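The values are calculated or read from the model by the stated rules, or taken from the named source; none is laboratory data. It should be emphasised that the depicted structure is a prediction, and the values quoted were computed from it without experimental measurement. Methodologically, a virtual Cβ is constructed for each residue, glycine included, from the backbone with ideal geometry; neighbour enumeration extends over all protein chains shown.
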Amino acid sequence: MFELHILNVDLGDSIILHSQHDGKSYYSLIDCKKVADKTPTVEFLKERNITDICSIFLTHFHHDHCSGFPELYKYLKQSHGTLNYYISPYLPPEIDLRRRIVELLYNKAMVPSVDNIFNAIDGFKKLPSTIHEDGTAKAIHMHYEHNRTPSAWRTDIHPGISIAPVSPDPETAFNYINSALRDSNPHGKLLNATSHTFLIKYQNSLGSHIGLFTGDLEKAGKWSEAKNTCLKITQEAVRDNIRILKIAHHGSAQVDMERCLKEMINMETRFLASISCPPGSRHHPSEKTLNFLKNNFQECIIACTNISAFCESFVLQDNLEYFGISGDEDTFLEYVNNDKSVELADIDNINECAGDHSLSITESGFQYKSSTGRSCFLKK
Ligand SMILES: [Zn+2]
Ligand SMILES: [Zn+2]
């Protein structure tokens, strides 16, 4: 059995991988965000009394992907938890480069939390491990080595599933960061472009099931690289066997992503396209990305953690027609406020889409669940 939980953390990522292998449960974490005073990943682990973690993956050093690390470390330390691998993207050791990257990550108000995050990462590396001979967790980078690795799949990262890095080697990442930082106006996008991208593979009697995780990957050339590497690593099996696609960068519009996804996934393939987004945003996810998924992949389940501004107006428009009134959103809301007999059930919930959602793959198939019972309004 393989299960994936995508937690609703507004804009940001907090994902949990769970497999059952030889009668035991195993967990790995991808990113971890703090929302107000809560860290949903930690709540998830606490509720289930999970203290042993195979791997913690960080896709990239933006705070919406790692602000929950201090709480996560505190929880694992206090509960005498274990960790085998901390897997981070490349961060140049050169002090000046590192300083400039950190400046890009956080605005001044957040500077104290940068230290907390780096302290938590140092803490992860000292946690006890259940598999390493020296008894402590290992910090590793996972990079795809072109032509050097006959098989990119690793089975030691998480029992029961294979994991393959798609991101290129540290030298390429370093050259990219170095040249991008020389830009007179370096932007957070340059870090998104170095997002750790990786594939997972789970196999059962029904065949092989592939997941693609892309962090906040954006930037034209990066998508072509990722597409070519995915097709190579999976010997093209990704086309029909993809089950989960973590849509990059919270669903922002990216022409190059659209082109690459069309080239790498068959349109009849049934998969979950998961989008972690804040409520009512115009860009996360964008109307363009939602329509792209809807129009190109017949069997795709689009699951947004929150409803977008586009979907919100779409639902309101639907309701205007339903109630036989013409006018804009304000007219409609005024109408609803004056007439309490109007059925408000649907309207009350328009700020929620899938919320937390999960996918499980068992011998009987593929199952999708969401905390609100919804996926995406566009796919109704
Ligand atoms: Zn992000
Ligand atoms: Zn980012």
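Scanning region 69-95 for residues that are modelled with pLDDT under 90 and in contact with a helix residue (DSSP H, G or I) (Cβ under 9 Å, 6 or more places away or on another chain) gives 88, 89, 90, 91, 92, 94. Residues in region 75-89 that are in contact (Cβ under 8 Å) with a residue 24 or more places away in the chain and either over 17 Å from residue 154 (Cβ atoms) or among the acidic types (Asp, Glu) (or both): 75, 76, 77, 79, 80, 81, 82. Among the residues of region 1-46, the ones that are farther than 29 Å from residue 203 by Cβ and not in a loop (DSSP other than H, G, I, E, B) come to 6 in all. Could you please tell me which pairs satisfy a Cβ distance under 8 Å, a separation of 6+ or placement on different chains, a first residue in region 287-314 that is free of Cβ contacts under 8 Å to residues at least 24 places away in the same chain, and a second residue that is assigned to a helix (DSSP H, G or I) and charged (D, E, K, R)? These pairs meet every condition: 313/329. The residue pairs whose first member lies in region 55-68 and is farther than 18 Å from residue 123 by Cβ and touching a residue at least 24 places away in the same chain (Cβ under 8 Å), whose second member is in a strand (DSSP E or B) and more than 11 Å from ligand 1 (Cβ to nearest atom), and whose beta carbons are closer than 8 Å, counting only pairs six or more residues apart or on different chains, are 59/30; 59/213. Selection of region 9-19 for residues being out of contact with any His (no Cβ under 8 Å at 6 or more places or on another chain) and modelled with pLDDT of 95 or more yields 9, 14. Among the residues of region 47-68, those identified as polar (S, T, N, Q), at pLDDT 95 or above and in a loop (DSSP other than H, G, I, E, B) are 49, 51. Restricting 197, 269 to residues that are within 16 Å of ligand 1 (Cβ to nearest atom) and in contact with a helix residue (DSSP H, G or I) (Cβ under 9 Å, 6 or more places away or on another chain) narrows the list to 197.
Listed here are the residues, each with its yes/no results for (1) in contact with a strand residue (DSSP E or B) (Cβ under 9 Å, 6 or more places away or on another chain); (2) among the hydroxyl-bearing types (Ser, Thr, Tyr); (3) part of a helix (DSSP H, G or I).
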residue	(1), (2), (3)
225	no, no, yes
236	no, no, no
239	no, no, yes
243	yes, no, no
253	yes, no, no
257	no, no, yes
261	yes, no, yes
268	no, no, no
274	yes, yes, no
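All conditions in (1) touching a Phe, Trp or Tyr at 6+ places or on another chain (Cβ under 7 Å); (2) more than 16 Å from ligand 1 (Cβ to nearest atom) hold for residue 155, with the sole exception of (1). The criterion of being of a type in the set (S, T, N, Q), more than 21 Å from residue 128 (Cβ to Cβ) and surrounded by fewer than 20 Cβ atoms within 10 Å (Cβ to Cβ) holds for residue 20. Against the criterion of being surrounded by 24 or more Cβ atoms within 10 Å (Cβ to Cβ), without any contact (Cβ under 8 Å) to a residue 40 or more places away in the chain and either at negative phi or more than 14 Å from the chain's Cα centre (by Cα) (or both), residue 39 qualifies.
For (1) closer than 20 Å to residue 201 by Cβ; (2) away from ligand 1 (no atom under 13 Å from the Cβ); (3) not β-branched (Val, Ile, Thr), each residue gets a yes or a no:
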{"position": "244", "(1), (2), (3)": "yes, yes, no"}
{"position": "249", "(1), (2), (3)": "no, no, yes"}
{"position": "252", "(1), (2), (3)": "no, no, yes"}
{"position": "255", "(1), (2), (3)": "no, yes, no"}
{"position": "258", "(1), (2), (3)": "no, yes, yes"}
{"position": "273", "(1), (2), (3)": "yes, yes, yes"}
{"position": "277", "(1), (2), (3)": "no, no, yes"}
{"position": "280", "(1), (2), (3)": "no, yes, yes"}
